[in-house]
Amino acid sequence: MQMPKHSDEAKNYFRALVAEVPTAEVRPLFGAVAAFVNGNMFAGLFGDDIGVKLDPAGLTELSEIPGSGPFGPEERPMGGYVSLPADMPDSAKTAWLTRAHDHIATLPPKVKKGQG
């Protein structure tokens, strides 16, 4: 499986978009960055692609937008995630990030291994 290079520019862009989402935490993940709420990942960066985890209705809605697609390695995309179209306006990307955050925020907080 080929892992893309994650440029500092792409990481900074991701961080700037996620900064607009209240209570989101950005952390490094496999050489890239990902966004979490209550310890649960709701968005990530893969190469230059930003992917969001959504409820089934949101996945269907976003998948119908031209330019969206699977998120992650081509051979093994991440289930439940869809990549945002690269040419989508930043305000729309932030709206999808917020929607993903709000969906994942409904899940129980992730308990760190050894604490439960």
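The values are calculated or read from the model by the stated rules, or taken from the named source; none is laboratory data. Keep in mind the model is a prediction, meaning the values are calculated, not measured. Every residue, glycine among them, receives a Cβ derived from its backbone with ideal geometry; neighbour counts consider all protein chains shown. Note: areas computed on protein heavy atoms with side chains; ligands, DNA, RNA excluded. Shrake-Rupley method; radii C 1.70, N 1.55, O 1.52, S 1.80 Å.
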>> Just the residues that are assigned to a loop (DSSP other than H, G, I, E, B), among the hydroxyl-bearing types (Ser, Thr, Tyr) and within 19 Å of Pro22 (Cβ to Cβ), please, taken from region 63-112.
In response: Thr106
>> Looking at Tyr81 and the list (1) within 16 Å of His103 (Cα to Cα); (2) in contact (Cβ under 8 Å) with a residue 24 or more places away in the chain; (3) out of contact with any Phe, Trp or Tyr (no Cβ under 6 Å at 6 or more places or on another chain), which single condition is not satisfied?
In response: (3)
> Listed residues Gly58, Gly69; which is open to solvent by less than 60 Å² (accessible area, probe 1.4 Å) and within 23 Å of His6 (Cα to Cα)?
Replying inline: Gly69
>> Suppose we filter Asp90, Asp48 for residues that are of a type outside the set (Ser, Thr, Tyr) and loosely packed, with under 14 Cβ neighbours inside 10 Å; which single one remains?
In response: Asp90
>> Quick check on my filter: what residues within region 5-43 are surrounded by 14 or more Cβ atoms within 10 Å (Cβ to Cβ), in contact with an Asp or Glu (Cβ under 8 Å, 6 or more places away or on another chain) and not in a helix (DSSP H, G or I)?
In response: Ala35, Phe36, Val37
>> Of the residues Ala92, Ala86, only one is closer than 18 Å to Ala34 by Cα and more than 11 Å from the chain's Cα centre (by Cα); which?
In response: Ala86
>> Six or more apart or on different chains, Cβ atoms under 8 Å: show the pairs whose first residue is in region 94-114 and surrounded by 13 or more Cβ atoms within 10 Å (Cβ to Cβ) and whose second is among the charged types (D, E, K, R) and outside any loop (DSSP other than H, G, I, E, B).
In response: Ala100/Lys53; His103/Lys53; Ile104/Lys53
